[in-house]
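Here the structure comes first, spelled out in structure tokens, and everything after it is commentary.
The values are calculated or read from the model by the stated rules, or taken from the named source; none is laboratory data. Given the structure is predicted, the values throughout are model-derived calculations rather than measurements. When we count neighbours, we look across all protein chains shown, and the Cβ atoms used for this are built from the backbone with ideal geometry, even at glycine. Note: accessible area is taken over every heavy atom of the protein model, side chains too, but ligands, DNA and RNA are not part of it. Shrake-Rupley method; radii C 1.70, N 1.55, O 1.52, S 1.80 Å.
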Amino acid sequence: EIYTLSLHDALPISQDLVPPDTEPVAENSQRVSSIPAHTYLHGDASFLFRDIDYWSPTTPALYVARITVTEGGRDVDQWADTFGLRRIQVDQNAPRLLLNGEPIAFRGVNIQPQQQQPSSNGNPNGGPITSARQMLTPLQQAEQVHSDLVRPGSQPANAWLPLLADRLGIAVWEEIPLYHETPETFSAAMSRGIPQQMLVE
């Protein structure tokens with residue numbers, strides 16, 4: 001099921017962003033006879049959208065996808081996530097980017113997903129960001145300098161970053177971490193298949 005997102009706060013979890021009794025804008029159901037324990041089922045589903053709202057920094061239109069597993073007529077599991085629909089491409093006729101077919105120039109900053117605020121006694125209080133509220137702070141600081149693009153460094157982004165940035169209208173430049181200093185370490189990373197998996201994802 002796909003729902004239009006009404007956003008008033010960047011922090012609620014996805015399923016709480018859909019008001020009660022909201023009708024989905026698209027839905028699909030699949031019947032599965034059984035799934036053996038300790039296995040998984042891969043399923044494809046298509047959705048037909050009409051008159052959709054595309055995501056952009058000025059209009060961060062988002063939708064909520066919700067998957068519900070039912071058994072014997074009752075819901076036994078549920079998962080939800082937000083997503084935006086957008087298309088970014090290089091203009092073939094000019095040195096510029098197109099977002100949803102329109103020229104765009106992003107204003108970007110680099111952020112480090114680390115806690116930067118001192119503790120109450122003035123001692124350093126660093127370490128990785130571990131909550132949505134902590135991740136919201138550097139994104140709001142980016143907004144204060146009129147940035148609509150953030151680069152989270154040369155490592156995979158904090159899991160909260162793309163979710164909150166999507167909701168705030170901030171694009172993310174995420175890099176696959178292939179900054180190894182020697183051919184041997186580069187080859188080791190490639191042989192594990194992690195960069196290839198990240199590229200697919």
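Once the stretch 126-167 is narrowed to residues that are modelled with pLDDT of 90 or more and not in a helix (DSSP H, G or I), the residue that is most open to solvent (accessible area, probe 1.4 Å) is His146.
The numbered conditions (1) in a strand (DSSP E or B); (2) in contact with a Phe, Trp or Tyr (Cβ under 8 Å, 6 or more places away or on another chain) are all true for Gln78 except (2). If only residues of the stretch 15-31 that are open to solvent by 70 Å² or more (accessible area, probe 1.4 Å) and part of a helix (DSSP H, G or I) are counted, the one that is farthest from Asp77 (Cα to Cα) is Asp16. In the stretch 32-45, of all residues being within 23 Å of the chain's Cα centre (by Cα) and open to solvent by less than 100 Å² (accessible area, probe 1.4 Å), the one that is nearest to Val64 (Cα to Cα) corresponds to Ala45.
For Thr58, the conditions (1) over 26 Å from Ser147 (Cα atoms); (2) open to solvent by 90 Å² or more (accessible area, probe 1.4 Å) all hold with the exception of (1). Report whether or not Glu71 is loosely packed, with under 11 Cβ neighbours inside 10 Å and in contact with a Ser or Thr (Cβ under 9 Å, 6 or more places away or on another chain). No. The C-beta contact set for the stretch 41-56 (first residue free of Cβ contacts under 8 Å to residues at least 12 places away in the same chain and farther than 11 Å from Leu85 by Cα, second residue in a loop (DSSP other than H, G, I, E, B) and not basic (Lys, Arg), distance under 7 angstrom, 6+ apart or interchain) comprises Leu41/Val32; Leu41/Ile35.
Look at (1) over 14 Å from Val32 (Cα atoms); (2) touching an Asp or Glu at 6+ places or on another chain (Cβ under 8 Å) and you find that Trp79 fails only one, number (2).
Selection of the stretch 81-100 for residues being assigned to a strand (DSSP E or B) and either open to solvent by less than 40 Å² (accessible area, probe 1.4 Å) or touching a residue at least 60 places away in the same chain (Cβ under 8 Å) (or both) yields Asp81, Thr82, Phe83, Leu98, Leu99. Taking the stretch 27-69 as the range and being hydroxyl-bearing (Ser, Thr, Tyr) and more than 26 Å from Gly108 (Cβ to Cβ) as the test, the residues that pass are Ser29, Ser33, Ser34, Thr39, Tyr40, Ser46, Thr68.
Any chance the stretch 107-125 includes a residue that's modelled with pLDDT of 90 or more, among the aliphatic types (A, V, I, L, M), open to solvent by less than 90 Å² (accessible area, probe 1.4 Å) and within 30 Å of His180 (Cβ to Cβ)? So far as the stretch 107-125 goes, yes, one or more of its residues are modelled with pLDDT of 90 or more, among the aliphatic types (A, V, I, L, M), open to solvent by less than 90 Å² (accessible area, probe 1.4 Å) and within 30 Å of His180 (Cβ to Cβ). Any residue in the stretch 150-168 that is under 12 Å from Asn110 (Cα atoms) sitting within a Cβ distance under 6 Å of a residue that is among the polar types (S, T, N, Q)? List the pairs, counting only those 6 or more apart or interchain. Listed by first residue and then by second, the contacts come to Arg151/Asn110; Gly153/Gln112. It is to be established whether one or more residues within the stretch 171-178 are modelled with pLDDT of 85 or more, closer than 26 Å to Leu97 by Cβ, β-branched (Val, Ile, Thr) and under 16 Å from the mean Cα position of the chain (by Cα). Within the stretch 171-178, one or more residues are modelled with pLDDT of 85 or more, closer than 26 Å to Leu97 by Cβ, β-branched (Val, Ile, Thr) and under 16 Å from the mean Cα position of the chain (by Cα).
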